[in-house]
1. Given the conditions (1) assigned to a helix (DSSP H, G or I); (2) open to solvent by 30 Å² or more (accessible area, probe 1.4 Å); (3) out of contact with any strand residue (DSSP E or B) (no Cβ under 8 Å at 6 or more places or on another chain), and given that ALA202 satisfies all but one, which numbered condition is not satisfied?
2. For segment 320-369: of the residues being in contact with a Gly (Cβ under 6 Å, 6 or more places away or on another chain) and part of a helix (DSSP H, G or I), which is surrounded by the fewest Cβ atoms within 10 Å (Cβ to Cβ)?
3. Residues LEU248, LEU222: which one is at pLDDT 95 or above and crowded, with 19+ Cβ neighbours inside 10 Å?
4. Scan ILE128, ILE189, ILE135, ILE163 and give me the residue that is open to solvent by less than 30 Å² (accessible area, probe 1.4 Å), touching a Ser or Thr at 6+ places or on another chain (Cβ under 9 Å) and not polar (S, T, N, Q).
5. Among ASP314, ASP293, which is the only one that is under 23 Å from the mean Cα position of the chain (by Cα) and assigned to a loop (DSSP other than H, G, I, E, B)?
6. How many residues does segment 54-77 hold that are of a type in the set (A, V, I, L, M), touching a residue at least 60 places away in the same chain (Cβ under 8 Å) and not in a strand (DSSP E or B)?
7. Exactly one of (1) open to solvent by 50 Å² or more (accessible area, probe 1.4 Å); (2) of a type outside the set (S, T, N, Q); (3) free of Cβ contacts under 8 Å to residues at least 12 places away in the same chain is unmet by ALA118. Its number?
8. Given the conditions (1) out of contact with any Asp or Glu (no Cβ under 9 Å at 6 or more places or on another chain); (2) at pLDDT 95 or above, and given that PRO170 satisfies all but one, which numbered condition is not satisfied?
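The values are calculated or read from the model by the stated rules, or taken from the named source; none is laboratory data. Not measured: the values here are computed from a predicted model. Please note: Cβ atoms are built from the backbone with ideal geometry, for glycine as well, and neighbour counts cover all protein chains shown. For the accessible areas, the whole protein counts, side chains as well, though only heavy atoms, and no ligand, DNA or RNA atoms are used. Shrake-Rupley method; radii C 1.70, N 1.55, O 1.52, S 1.80 Å.
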Amino acid sequence: MAEKIMTVLAKETGGKSYKAHKYGLDHAERPFIEYGDDSIIWKKTAETTPHRKYVSLENLGKKLAARNEQLLTYFLDGSRRVFKVDDIAYKVSNGRSVIYPVIAGQIGVGCCRRVNKAVIPEKFKREIVLALPDIADADGIPGFFNATAKKLNECAELRRVGIEFSTILPYKTAKNTDKKFEDRGTACIQDRMIEREKELVAELVREGKLNQDNYLVKDGSLEYKPTKEDKADKRKYQMFKNNYSWVLGASKNFNPEVCLDINGKPNPGFIADLPLYHRTPVACFVSDFLGDDIQFAVWYIRLRDKKRTRTPFDGILKVEKILVTQEDVDNGIDSDLVDVLSAYLINERNPVCYGSDLRWANHIYPVYLTESFVKSKYLSTESFLHLF
């Protein structure tokens with residue numbers, strides 16, 4: 001009988017597999033509000049016209065729709081499916097054993113492109129990864145986890161289905177945080193997915209596909225943390241930021257508490273009361289997570305009438321753009337450009353994926369199609385878990 005992955009993994013790392021119950025670690029795909037502090041520090045206005053009221057985009061949206069033109073050409077979505085697939089024990093001090101979870105994940109990053117009025121696949125990257133406790137490499141051998149991944153890929157079970165592990169990601173086991181081991185492993189896989197997203201954006205830039213006439217809309221936040229290598233090399237760091245000159249982040253979920261009103265005070269009602277087809281003023285913020293090196297412009301747009309949604313925050317899209325140049329940082333984004341990009345996003349609200357996705361009110365349709373494309377490439381849950 002062919003050895004299962006966990007049998008090989010336990011043998012290679014000196015652990016003991018317990019054949020534990022397997023289950024998913026992902027949240028259900030449902031709308032939610034990100035409550036609490038998300039470490040964003042609001043700074044100042046980030047557009048050339050310092051608006052103090054909501055900005056109506058209805059007439060502009062109709063004009064742009066009549067012209068049959070478009071600036072939003074590419075749509076990107078990164079996704080991962082994460083499972084706890086086993087418990088594995090390793091010996092620590094005094095000869096005792098400690099049990100840790102083994103986390104496995106499928107990562108998919110895809111990009112779709114608009115051609116006339118159709119949205120078609122442009123690029124797709126898939127990885128299958130494992131997250132193991134760092135103690136699995138008890139001797140600290142350089143390249144241990146990559147070598148172990150290669151050993152796993154020789155497993156007959158994997159060869160039979162024609163897939164392989166890209167790498168094994170070690171999660172920290174030191175007790176310097178209250179974060180559960182399952183969450184630490186999931187975070188490693190999430191970080192890996194973000195790196196794949198960054199690589200795909202860089203590919204599009206190198207190929208000359210992104211410019212002032214062809215923007216990329218990325219599903220979710222643009223809070224990408226530069227690597228140490230990026231920061232160490234000023235030229236490389238500027239290239240990292242330049243990659244996002246023509247990229248917008250569109251988030252369906254956000255924390256309304258971080259929105260400031262015109263008096264500079266936290267006021268989630270300022271978003272909740274946003275009229276249909278209007279946007280808020282653009283604010284500049286820096287994130288504790290990233291530091292002052294990267295500043296963002298952020299604003300909110302209402303796509304749906306709140307009378308027809310479950311909550312006042314359904315139907316609102318949070319939009320982010322990195323302030324790439326010093327001129328952007330000093331003066332903000334051109335307000336006319338913000339209006340045009342916002343109107344184009346509003347025009348993407350139809351067709352509606354109502355009934356197909358619980359987050360329909362916050363979706364723009366090309367992003368929904370891109371998500372569907374990425375998820376269609378996954379191995380089924382049953383086939384994936386059977387490997388272990």
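1. (2)
2. So the residue we want is ASN347.
3. The match here is LEU248.
4. After ruling out the rest, the residue left standing is ILE128.
5. Details: ASP293 fails: assigned to a loop (DSSP other than H, G, I, E, B).
That would be ASP314, the only listed residue that is under 23 Å from the mean Cα position of the chain (by Cα) and assigned to a loop (DSSP other than H, G, I, E, B).
6. The qualifying residues number 5.
7. (1)
8. PRO170 satisfies every listed condition except (1).
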